[in-house]
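A quick write-up on the structure given underneath.
The values are calculated or read from the model by the stated rules, or taken from the named source; none is laboratory data. If you're wondering where the values come from, they're calculated on a predicted model, not measured in any experiment. Quick reminder, even Gly has a Cβ in these numbers, built from the backbone with ideal geometry, and neighbours come from all protein chains shown. These area figures cover heavy atoms from the full protein model, side chains too; ligands, DNA and RNA do not enter into them. Shrake-Rupley method; radii C 1.70, N 1.55, O 1.52, S 1.80 Å.
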4 protein chains.
Amino acid sequence: MTLTPAELTAIIREGVPASEGSGFCVERIEPDGVLCRLPFNPLQIRPGGTLSGPTMMTLADAAMYAAVMARLGRLEMAVTQSFNINFLSRPMPADLLARAGILKSGRRTVVLDVSIYTEGSLDVVAHATGTYSLPPAGRE
Amino acid sequence: MTLTPAELTAIIREGVPASEGSGFCVERIEPDGVLCRLPFNPLQIRPGGTLSGPTMMTLADAAMYAAVMARLGRLEMAVTQSFNINFLSRPMPADLLARAGILKSGRRTVVLDVSIYTEGSLDVVAHATGTYSLPPAGRE
Amino acid sequence: MTLTPAELTAIIREGVPASEGSGFCVERIEPDGVLCRLPFNPLQIRPGGTLSGPTMMTLADAAMYAAVMARLGRLEMAVTQSFNINFLSRPMPADLLARAGILKSGRRTVVLDVSIYTEGSLDVVAHATGTYSLPPAGRE
Amino acid sequence: MTLTPAELTAIIREGVPASEGSGFCVERIEPDGVLCRLPFNPLQIRPGGTLSGPTMMTLADAAMYAAVMARLGRLEMAVTQSFNINFLSRPMPADLLARAGILKSGRRTVVLDVSIYTEGSLDVVAHATGTYSLPPAGRE
């Protein structure tokens, strides 16, 4: 009953129409989280030739959502409650990878962090933390 | 030499291709900030029929960017350094309005907050704070 | 059954021993929040002669706690779930005032913001937001 | 010219009077950060018998300060610019350990994260991120 990366990708793409066009996908399920990819798209560019902040925010939030469902099952009604991000360096135009990990999984909320990399680099370009609020029953 | 709402809208749409398709615009310049609008688009929907978190993150970030340039002039190379958002209630499918205000304008950074409303409602659906880092010369 | 500023001050000083020595007090209850004071104490100084960051964090958190109980009644088991603060300018050695306001009061959580001033000045020296988690019954 | 744990502890205790009474100390310098300890003190208790939020905020901030100076040398004028913390579980009355790590060390700012543990446990009770602003010359 554990969801596969392909199932998680499909659930998110169906539920969040904007993610479908973006090419976002869950690449791998890891012990305490997931690894996701956002393919490069010229629409992500901002002045200076780097990727825009909201591109990374959107990826970080989707990676957290995937990590919540990888751990707890199909919980589409889980919603972001709070979100914090620090931008560390300006990513060049390339695919982004996001590793989301669960810091704490509680009855009401899941707290996570996310590190975003440029593919082929080890430098973290942004680091986010966030809280997902679970549906009242704990499950849908 | 102060930028008008139309000029700010044009600068942001030209510099950030994703904002052009979104219909984002600066509606009004206010004493310490700006009022911006994001038209409703079915792509913004997430499970539960509300607007997705990243839709509001993207609007909040763009509103801060507009407020920085409304105060300091054409500073396209200003970049988000850190960003924090709390989601307060689930917005119905409708246009969103964002009021960004400057909390502090320094030599290196500008700190702002943003309140996001659904058009026609007084309830704040999300509240964000963020820091924009200014280009080293203070001006481009 | 609404708590007075003196009652709120007493509840906090009894429950949080560190606050008693600090002289923290709730000065006034306002429509959507509270105004609190932290008397100056040389222990709050950090290098540069300004007040330390944790001094302001502690004041902001106590002001949020007071605002939650001013709104919902004696809810000592409410706890901080997440907290974010931006430091805007370096406060001189003087009493600090904190105005905490409720952004959203829900069944499970209360989201607040706090502006911290130096007494006698209108400049905000720090701005915080936070989420308090309410005890499961909503009331103790 | 690298500072030892004892030197870092002394610099912080001298500069921040409140830390002296707390017994805060830097225990170890690690590849990308530091490990610090805050001894248990009954003043740290809050209702429910757990340690107060500001106790953990203060520890996290001091650990970041120590990590900045462990990396860059004696930079007492470095100041917290922004700070975010998520509380994950309620720490029992015991010594707290904080591991602060550098996410990015730039010319103007250092971004860090901190995990706080109860001594003898592997559970993270709080996780913080923050940005320290460096003095304009990069060095004092």
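Each other copy places its own label point for C:S89 at 3.6, 3.6, 4.4 nm from this one, sorted shortest first, where the point lies 7 Å along the Cα-to-beta carbon line. When the Cα atoms of chain C are aligned to their principal axes, the ranges along those axes come out at 46, 25, 24 Å in descending order.
Take the Cα pairs of the protein assembly as shown, get the Kirkwood Rh, then feed it into Stokes-Einstein at 37 °C and 0.692 mPa s and tell me D in µm²/s. The calculation lands on 138 µm²/s. Remark: region B:125-131, residue by residue, has Karplus-estimated 3J(HN,Hα) of 8, 7, 9, 10, 10, x, 10 Hz, where x stands for each Gly or Pro and the curve is 6.51 cos²θ - 1.76 cosθ + 1.60 at θ = phi - 60°. Measuring nothing but how far apart in sequence close Cα pairs (under 8 Å, 6+ apart) lie, relative to its length, chain D scores a relative contact order of 24 percent. Of all accessible surface on the protein assembly as shown at a 1.4 Å probe, what whole percent is carbon and sulfur? About 56 percent, which is the carbon plus sulfur part of the accessible surface.
Within the shell defined by Cβ-Cβ distances under 15 Å, the residues around A:E119 carry a net charge of 0, with Lys and Arg each +1 and Asp and Glu each -1. The Kirkwood radius of region D:46-89, taken over pairs of alpha-carbon atoms, gives through the Stokes-Einstein law at 10 °C and 1.306 mPa s a diffusion coefficient of 132 µm² s⁻¹.
Each Lys and Arg Cβ is given +1 and each Asp and Glu Cβ -1; about its Cα centre, region A:1-109 then shows a dipole of about 320 debye.
Within region C:24-73, the residues that become at least 50 Å² less accessible when every protein chain is included than when their own chain is isolated (1.4 Å probe; DNA, RNA and ligands ignored) are C:L43, C:R46, C:P47, C:P54, C:M57. Starting from the label point of D:E20 at 7 Å along Cα→Cβ, the same points in the other copies fall at 2.4, 6.2, 6.6 nm, in ascending order. Chain B has one residue whose beta-carbon comes closest to the axis relating it to chain D; that residue and its distance in whole Å are B:S82, 3.
Over the Cα atoms of region B:73-127, each weighted equally, I'd like the Debye log10 I(q)/I(0) at q = 0.13, 0.28 Å⁻¹, rounded to two decimals. Taking Cα atoms of region B:73-127 as identical point scatterers yields -0.42, -1.13.
Structural descriptor for region C:1-80: relative contact order 33 percent, calculated from alpha carbon pairs under 8 angstrom and at least 6 residues apart.
Taking amide H positions as modeled 1.01 Å from N, with prolines and chain starts lacking one, the residues under 5 Å from D:E30 and 5 or more places away or on another chain are D:L35. Taking θ as phi - 60° and the Karplus parameters 6.51, -1.76 and 1.60, the scalar couplings of region B:20-34 work out to 5, x, 6, x, 3, 8, 7, 8, 7, 9, 10, x, 10, x, 9 Hz in sequence order, x denoting glycine and proline. Taking only the alpha carbons of region B:1-62, we obtain Rg and Dmax values of 12.8, 45 Å in that order.
Buried accessible surface for the D/C chain pair comes to about 2500 Å², total over both chains, computed with a 1.4 Å probe.
For the options C:A100, C:A78, C:A67, a Gaussian network treatment of chain C with springs between C-alpha atoms closer than 10 Å singles out C:A78 as fluctuating the most. With both labels modelled 7 Å from their Cα along Cα-to-Cβ, the B:E14 to D:T4 distance reads 6.1 nm. The distance between label points at A:E30 and A:D95 comes to 1.6 nm (points 7 Å beyond Cα on the Cα→Cβ vector).
Along region C:45-59 the Karplus relation, 6.51 cos²θ - 1.76 cosθ + 1.60 evaluated at θ = phi - 60°, assigns HN-Hα couplings of 6, 10, x, x, x, 9, 7, 5, x, x, 4, 6, 4, 5, 5 Hz to successive residues, with x for each Gly and Pro.
Placing a label point 7 Å from the Cα of D:P136 along the Cα-to-Cβ direction, the distances to the matching points in the other copies come to 1.5, 5.6, 5.7 nm, shortest first.
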